[in-house]
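In what follows, a structure is listed as structure tokens, so that the remarks can point back to it.
The values are calculated or read from the model by the stated rules, or taken from the named source; none is laboratory data. Since we're looking at a predicted model, the values are computed, not measured. Please note: Cβ atoms are built from the backbone with ideal geometry, for glycine as well, and neighbour counts cover all protein chains shown.
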Amino acid sequence: MNDSSVRELARCAGIAVQWTDHANKRRRVALDSIRRILAALQLPCGTAGEIAHSQRTLDNATLPPLITATAGQAVDLPWRMADLPHRLHLVHEDGSATEIPVSASAQGIRLPGIRAIGYHTAEIGRRRITLAVAPARCISIADVAAGERVAGFTIQTYGLGRSGDCGIGDMSGVTALAKVAGGLGLEMLALSPAHALLAADPDHFSPYSPSNRLFYNPLFADAASVLGEERVVRARTATGLGLSAGEVEALSLIDWKASTRAKMTVLRGLFEDIAATDLASNPPTDLATDFAKFCAERGSALQEHASFEALHAARLQTDPEASNWKDWPASWRNPRSPAIRDFTEKNQHEILFHCFLQWVADRSFANAQREARRAGMRIGLIADLAAGMTSAGSYAWAHQDHMLGGLQIGAPPDSFNANGQNWGLSSFSPRALSGQGFEPFIATLRACMRHAGGLRVDHVMGLTRLWVIPEGAKANEGAYITYPVDDLFRLTALESYRHRAIVIGEDLGTVPLRFRERLARAGIYGMRVLWFERDKKGFVPPQDWSDAAAAMTSTHDLPTVAGWWRGTDLEARAGCGLLNDPHAERVARNAEREALWDAFKSAKVAGGDRPSAGESSRVVDAAVAFVAKTPSRLALLPLEDAIAAERQPNMPGTVDQYPNWRHRYGGDAAALLDDPDVRHRIEILVARGAS
């Protein structure tokens, strides 16, 4: 065994043994990191024998359970059998069948182009595989609003307020906002991730660190839209929350622990009421029938998630430090162990409670999307797919064979983060995806598009490569691993087609060469953000922005327009110790203000002297007009910028130094757009979008 054989195995497995940093310098990945990454991919390399066995595993890969194809284009199947078939029996998704001629190819066998879009079954002798035939690209704005440009808001769901929300915004607030926004000509609301977190651990509230992306955060449920207002009021009264609930609702920053306790108390009361009435009724009520239908449809995945939630709560009661299932006794770490079976048998009522939470949340999102469309929105809700999952969550527990065990994902060092980033998340193993027929990825897409007219894919570069870091290593000691991007793009296009959902990819940061062109060909819109659209001359004029991306003033990780202009973000970063030279940053910002105002004037969206740092209203108006003037087919305005808020939702590089994911918008969600200045900005956005 020698180092070169390990590196050769890594290359064959899709691990980049070298990478180019932000200064265009080639970096070599340490051999220890390569070995640990190979082990995580189930390719051991500790001895010459292991290397040889792992290499044979890669070389002798059998026909995978699912092959993707583009409609109308020939597709090659890897076929290593001696007997070359001449025909293939294809059973279409609708049940019809046909015989397809087969020819030899360099890869094995070639099928002629199939035009029927869908998941078909290909029978070759005794072998069966799924043939996923996708359209050439995802659903586009042109498919939804022919010849038009559309506009909408990005919103942090938890920040919306309404009476009775226990201090955490939910789908009631989303629905109220959608009804008003739709009437004003907006076509979509792009929501922050709504994935299930850890219900028993309210300190774990980052929406981008989910426990399970197949299910919702029940704190976002609008129980009244599912169970009726009267029942919710009765449950709220029975809990005796009274003044304490009102106190957390009045806070400008969410107290996640107190608000979660209050909201879950109400939901628990509702469940006990439903269990004692509807679920015990014979014949079953309509609510009970719908609940049973939901549980049957979501099947084992729901039972696994609900069981984990119940078990996680029980383990935390026993040991408050045992939040991560990897620290539990071995019998609890195995979801199919006798101990787990015994637990589920003895805790059916508690597991049913967590199924109930998912049912109410699911129907809440369905109702919100329906109301958004009724309000005139042609797209409605846009869901957000987080880049990864916490390895301490329910999905990683239930599907350990799907995950990059022992690895965490992040980003290599760049000009903003000299040491790189470790996001503390895990993701799917590329080898497991292929071996599982991409079922984990397909299920995730379907869960996110289930009640939405669009999907935003966080860190969309992860569809082609991910920076992975061995647990315990530094962020700069990782490596890139490749993913089957053509397959993932086709499956995304196929699910986009089936759900009539547009797709937006967050392509900010270190982007592989020509990747944005590939996104455009796949019909996935990128993102262009005002703060990043600069060249040596200053801010890029709106007419030079890409038409294949969503035009935006800012994102949740960046300063709001008002905050940037006033310097609120600089003060916050300085307070968090993130600025090396605060004075130099303030001087630079003043020059940047001048450049931005000049760009606004050149674009004829502003005039006159530059406003002072304390005057942000005219600047926000101009920024909205600037973004709306771009050729992009869609413009997304953060709600923070619509209302000229100063604080950004999240400050990258902080944990508890800044109140991440806690800001409330202030006031009732239904009244947020009543202010004349806010209405004026919406008029600018919609008028430009309709041009």
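The table for this structure:
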item	result
Which listed residue is closer than 30 Å to Ile114 by Cα and assigned to a helix (DSSP H, G or I), from Leu77, Leu58	Leu58
Filter pass, Arg374 being under 21 Å from the mean Cα position of the chain (by Cα), farther than 30 Å from Ser33 by Cβ and of a type in the set (Lys, Arg)	no
Ser192 modelled with pLDDT under 95, outside the structural domain of Trp325 (by TED's automatic domain parsing), of a type in the set (S, T, N, Q) and at negative phi	no
Every residue from segment 249-300 that is assigned to a loop (DSSP other than H, G, I, E, B), within 26 Å of His204 (Cβ to Cβ) and not small (Gly, Ala, Ser)	Leu251, Ile254, Asp255
Matching residues, segment 558-574, being closer than 19 Å to Gly614 by Cβ and not charged (D, E, K, R)	Pro559, Thr560, Val561, Ala562, Gly563, Trp564, Trp565, Gly567, Thr568, Leu570, Ala572, Ala574
Every residue from segment 432-455 that is on the phi < 0 side of the Ramachandran plot and of a type in the set (Phe, Trp, Tyr)	Phe441
Qualifying residue in segment 431-444 (condition: assigned to a strand (DSSP E or B), of a type in the set (A, V, I, L, M) and over 21 Å from Ser172 (Cα atoms))	no
In segment 250-263, the residues that are in contact with a helix residue (DSSP H, G or I) (Cβ under 8 Å, 6 or more places away or on another chain) and crowded, with 17+ Cβ neighbours inside 10 Å	Ile254, Ala258, Ser259, Thr260, Ala262, Lys263
Single residue of Ala52, Ala132, Ala97, Ala71 found to be touching a strand residue (DSSP E or B) at 6+ places or on another chain (Cβ under 8 Å) and without any contact (Cβ under 8 Å) to a residue 12 or more places away in the chain	Ala97
Yes/no for Ala690 being of a type in the set (Gly, Ala, Ser), modelled with pLDDT under 95 and out of contact with any Ser or Thr (no Cβ under 9 Å at 6 or more places or on another chain)	yes
So Gly182, is it outside the structural domain of Ala223 (by TED's automatic domain parsing) and in contact with a helix residue (DSSP H, G or I) (Cβ under 9 Å, 6 or more places away or on another chain)	yes
Residues being assigned to a helix (DSSP H, G or I), among the polar types (S, T, N, Q) and in contact (Cβ under 8 Å) with a residue 12 or more places away in the chain - total across segment 211-237	1
Every residue from segment 311-363 that is of a type in the set (Val, Ile, Thr) and surrounded by fewer than 17 Cβ atoms within 10 Å (Cβ to Cβ)	Thr318
Residue in segment 380-412 that is surrounded by the fewest Cβ atoms within 10 Å (Cβ to Cβ), counting only those that are among the polar types (S, T, N, Q) and closer than 23 Å to Leu455 by Cα	Thr390
Close pairs (7 angstrom Cβ cut-off, 6 or more residues apart or separate chains): more than 16 Å from Gln42 (Cα to Cα) in segment 1-23, in a helix (DSSP H, G or I) anywhere	Met1/Ala48; Met1/Ile51; Asp3/Leu31; Ser5/Ile51; Val17/Arg7; Val17/Ala10; Val17/Arg11; Val17/Ile34
Hits in segment 386-431 - residues which are at positive phi and either modelled with pLDDT of 95 or more or more than 17 Å from the chain's Cα centre (by Cα) (or both)	Gly406, Gly420
Residue within segment 659-669 that is of a type in the set (S, T, N, Q), closer than 30 Å to Gly246 by Cα and assigned to a loop (DSSP other than H, G, I, E, B) present	yes
Of the criteria (1) of a type outside the set (Phe, Trp, Tyr); (2) touching a residue at least 24 places away in the same chain (Cβ under 8 Å); (3) more than 30 Å from Val150 (Cβ to Cβ), which one Asp384 fails	(3)
Residue satisfying all of: in segment 336-389; part of a loop (DSSP other than H, G, I, E, B) and in the same structural domain as Ala223 (by TED's automatic domain parsing); nearest to Ala447 (Cα to Cα) among these	Arg336
Yes/no for Ala146 being at pLDDT below 95, loosely packed, with under 15 Cβ neighbours inside 10 Å and under 28 Å from Gly454 (Cα atoms)	yes
Tally of residues being touching a residue at least 12 places away in the same chain (Cβ under 8 Å), under 30 Å from Asn24 (Cβ atoms) and not small (Gly, Ala, Ser) across segment 392-416	7
Among (1) under 17 Å from Arg162 (Cβ atoms); (2) surrounded by fewer than 22 Cβ atoms within 10 Å (Cβ to Cβ); (3) in contact (Cβ under 8 Å) with a residue 12 or more places away in the chain, the one test that Ala200 misses	(1)
Phe205 vs. criteria in a loop (DSSP other than H, G, I, E, B) and crowded, with 20+ Cβ neighbours inside 10 Å	yes
Residues being touching a residue at least 60 places away in the same chain (Cβ under 8 Å) and either farther than 30 Å from His663 by Cα or under 21 Å from the mean Cα position of the chain (by Cα) (or both) - total across segment 528-547	8
The listed residue being more than 36 Å from the chain's Cα centre (by Cα) and modelled with pLDDT under 95, out of Asp3, Asp21, Asp59, Asp76	Asp3
Residue list for segment 579-623, filter: under 22 Å from Arg679 (Cβ atoms), touching a Lys or Arg at 6+ places or on another chain (Cβ under 7 Å) and surrounded by fewer than 17 Cβ atoms within 10 Å (Cβ to Cβ)	Gly607, Pro611
Selection within segment 33-42 - touching a residue at least 40 places away in the same chain (Cβ under 8 Å) and either β-branched (Val, Ile, Thr) or in a helix (DSSP H, G or I) (or both)	Ser33, Ile34, Arg36, Ile37, Ala39, Ala40
Members of segment 117-129 found to be surrounded by fewer than 18 Cβ atoms within 10 Å (Cβ to Cβ), of a type in the set (Gly, Ala, Ser) and modelled with pLDDT under 95, listed by number	Gly125
Counted residues, segment 465-474 - those being out of contact with any Phe, Trp or Tyr (no Cβ under 8 Å at 6 or more places or on another chain) and either aliphatic (A, V, I, L, M) or at pLDDT below 95 (or both)	5
